[in-house]
Amino acid sequence: VVGAYLNGIPGALIAGTLVFPLSYLSLFLKGETDILTIPRLVIIPVVLLVSFIAGLVRRLLTKSLYDQELLRIGSMAAQEGLWDLDLVGETTYYSPRWFSLLGLDEGEMPHTFETFKSLIHPDDLQQTLDSVQSITVQRQTSFSNTFRMKHKDGSWRWILSRGIVAARDKEGRITRMVGVHTDISELKQTQNMMEFQAYHDALTGLYNRKAFYEFSDRFFTSLGREAEEQQQAAVVMLDIDDFKSINDALGHKVGDQLIQFTAKHLNNVLRKSDILCRWGGDEFIMVLTYLSHKSDAALVASKIAEVFEDTIEIGSYKIQSGVSLGISMYGDDATEISEMVKNADTAMYVAKKNSEVYRFFESKMHVEATSRMNMIYKMKQAVKHKEFMMYYQPIVNAGGKLQGTEALIRWFPEDGVMVSPGVFIPLAEETGIITDIGEFVLTTAIGALAQWNRTDPDFEMAVNISPVQLRSPSFYNFLRKAIKAGGINPKNLVLELTENSFLDFHGQTRTNVEQLIDLGLSFAIDDFGTGYSTLSYLKDLPIAKIKIDQSFVRGLPDNEQDSAIVNSILTLSWGLQKQVVVEGVETQDQLEYFLSKRGVFFQGYYFSKPVPGEKIDLGAVLPKD
Ligand code: C2E
Ligand code: CA
Ligand code: CA
């Protein structure tokens with residue numbers, strides 16, 4: 001029992017105390033009366049021996065664990081700062097590395113606990129002292145903690161402190177602690193950055209959608225609780241007008257700068273309590289908080305739009321752009337954040353369509369918005385359900401002989417009348433659905449061309465290519481494979497590009513065009529004279545054809561302006577040795593205007609409307625009657 005007690009083994013102690021009276025009891029039951037003589041001699045040494053061995057084992061075990069820990073800390077100390085705190089003698093030791101982590105020479109400050117305390121960031125001091133305190137109370141044997149400490153260069157360093165309790169006195173009070181300091185500032189920085197990134201937009205530093213939903217939800221919930229009648233708030237959606245064309249024309253870098261400019265401007269106009277977020281692309285969303293009246297929201301909206309009335313200078317460019325805003329008042333039409341966002345978006349769309357600066361949401365707008373959403377939905381379905389069909393419009397020479405066709409898409413919804421491509425193509429471009437549609441168009445047109453080339457190996461197929469398709473990284477590969485699969489001669493496939501495709505002629509668009517040129521495809525410039533591009537691409541690229549837009553043909557032969565424009569396009573084309581296709585020829589007079597001109601081809605209702613493939617008669621001379 002004594003041995004057990006001395007070695008601090010509770011088990012042995014209990015065993016010792018139990019075995020002793022139990023042996024008495026068993027002997028007593030066996031009828032032994034002189035129980036105090038022999039058993040005592042046997043039991044006491046056994047108990048003492050057992051407890052002594054147990055104690056020894058415990059000592060050895062803890063010592064080796066402790067030594068291991070010390071060794072580990074010691075090896076870390078080369079890289080990390082070692083500290084050793086003796087709570088009895090109230091002395092502290094810091095290793096040279098401990099000091100140098102903070103830019104200090106060894107002993108530049110005294111080896112005291114005070115030194116440590118004085119270097120901790122005031123905001124972290126209490127928490128650090130508390131955690132030291134809790135170790136002594138909770139009887140832990142090891143601990144770790146992070147806090148900031150002042151570096152000599154004035155910066156704050158994030159320090160990870162790990163340590164163990166090295167010794168306790170008989171009452172279990174800690175007498176010595178040893179540990180290491182590690183500089184984890186970099187780690188902390190990336191951690192902070194990751195937290196920042198999770199809630200912010202990289203380009204503008206504004207909140208992202210996730211943050212917006214969280215913060216605005218919190219705000220509106222609190223607003224609902226306060227239920228103060230005069231307290232108003234609004235969700236406002238903003239979109240930069242014509243951003244896509246600015247981006248296309250001047251490049252993504254300028255586009256990005258315009259977005260950053262807008263972000264900064266919004267930040268200046270809004271108040272601190274407002275919530276501002278980049279919704280994505282050129283869209284921003286904000287919550288105007290604590291308004292006293294609906295008209296305040298209108299005021300803020302006008303203030304935001306004001307800057308865009310003048311030209312904005314981005315680098316060496318002067319940009320004339322505008323913004324459209326949609327406003328959804330809290331409580332008027334919705335109280336739930338996602339509902340309010342949807343309403344603000346709808347109102348913004350209406351404002352944009354009517355070229356207004358801002359619009360408040362009204363419930364009747366739902367109808368229009370729904371029809372647009374419906375159209376997008378139906379278009380997606382139409383791709384799956386194969387509701388699209390290709391029509392082909394003949395392109396003829398001056399004698400009316402068929403040279404080729406232009407492939408023009410037609411949409412016959414299952415449950416309705418035909419929708420014109422003029423209506424759905426822009427929406428398809430806006431939503432990216434054009435990629436799927438474009439693949440259908442190309443595959444179908446290449447299939448038809450392959451068939452017609454069997455009869456007429458020089459017959460050409462013109463296909464309209466949207467700028468959205470042209471800047472897609474997968475476009476080239478898709479087309480290459482489609483041409484191979486169709487087994488056509490690439491020169492018979494004419495890609496019709498608008499001038500606007502050359503506004504943003506760098507990056508992926510340029511790569512695609514260059515690769516397609518290498519592949520041997522032909523190119524035509526569609527709607528020539530209506531775009532905004534310079535003419536330099538005509539000089540640089542092997543473009544075979546120029547298509548004169550029908551808007552210049554309509555007024556011929558009488559309109560002098562049209563005539564002047566058409567003649568200069570013809571002169572330009574001849575000079576550059578390009579073929580010319582005149583679009584939209586509807587009358588004999590229009591045709592005759594051109595008959596005296598060289599190298600001109602024709603396309604228009606006068607010869608034929610776009611028709612299904614089976615109506616194309618390769619040997620025909622048009623018009624038929
Ligand atoms: P576009 O490329 O300028 O096509 C010519 C348009 O003029 C066609 O309209 C055609 O039907 C019409 N047209 C032809 N001759 C005459 C005429 O004598 N008089 C009049 N008034 N119009 C004539 P459509 O088929 O409605 O296409 C409109 C636009 O939609 C096309 O203009 C093109 O930009 C686009 N589009 C059509 N199909 C496709 C396609 O498969 N892909 C892409 N990306 N765009 C397409
Ligand atoms: Ca065309
Ligand atoms: Ca055209």
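Bear in mind that the values in this text are calculations on the coordinates, not laboratory data. Predicted model, so just to flag it, every value in this text is computed and none were measured. Note that each Cβ is placed from the backbone with ideal geometry, even for glycine, and that neighbours are counted across all protein chains shown.
Some observations on this one:
- Modelled label positions at N559 and H121, each set 7 Å beyond Cα in the direction of Cβ, lie 7.0 nm from each other.
- Computed Rg/Rh of region 435-526, alpha carbon atoms with Kirkwood Rh: 0.95
- Extension gain, D130-L572: 0.36 nm per intervening residue step, less the Cα-Cα distance, totals 150.7 nm.
- Förster-model FRET efficiency, 45 Å R0, Y532 and M194, C-beta, rounded to 0.05: 0.60
- Cβ charges +1 (Lys, Arg) and -1 (Asp, Glu), total dipole of region 330-442, debye: 480
- Rg/Rg_globular for region 319-445, with Rg_globular taken as 2.2 N^0.38 Å and Rg from C-alpha atoms: 1.43
- Modelled label reach - L203, point 7 Å along Cα→Cβ, region 232-248 residues with backbone N closer than 18 Å: 237-248
- Global geometry of region 375-515, whether rounded, prolate or oblate, following the gyration tensor of its Cα atoms and the 1.5 cut on a/c: oblate
- Nearest-0.05 FRET efficiency for T455 and R372, computed from C-beta distance (R0 41 Å): 0.40
- Modelled FRET efficiency - R0 41 Å, S338 with F478, Cβ distances, 0.05 increments: 0.70
- Between E309 and S155, the contour length at 0.36 nm per residue exceeds the Cα-Cα span by 51.0 nm.
- Values of log10 I(q)/I(0) for the chain across q = 0.09 Å⁻¹ run -0.92, by the Debye formula with one identical scatterer at each alpha carbon and no solvent.
- Using alpha-carbon coordinates, inclination of helix 337-353 to the longest axis of the chain, degrees: 20
- For the chain, the residue among T115, T311, P557 whose Cα projects farthest onto the positive side of the dipole built from Cβ charges is T115.
- Shape analysis of region 471-606 places it in the prolate category; the axes a ≥ b ≥ c from the Cα gyration tensor give an a/c of at least 1.5, with a/b above b/c.
- Placing +1 on the Cβ of every Lys and Arg and -1 on the Cβ of every Asp and Glu, with no other charges, gives region 93-247 a dipole of roughly 1020 debye about its Cα centre.
- Lys/Arg +1, Asp/Glu -1 at C-beta; the chain dipole; positive extreme among N343, F502, V441: V441
- Dipole axis of region 228-369 (+1 Lys, Arg; -1 Asp, Glu on Cβ), positive-most option in N354, A297, H252: H252
- Divide the volume of the convex hull around the Cα atoms of region 255-377 by the residue count and you get 118 Å³ per residue.
- Under a model in which nothing but the beta-carbon of Lys, Arg (+1) and Asp, Glu (-1) is charged, region 240-369 shows a dipole of about 240 debye around its Cα centre.
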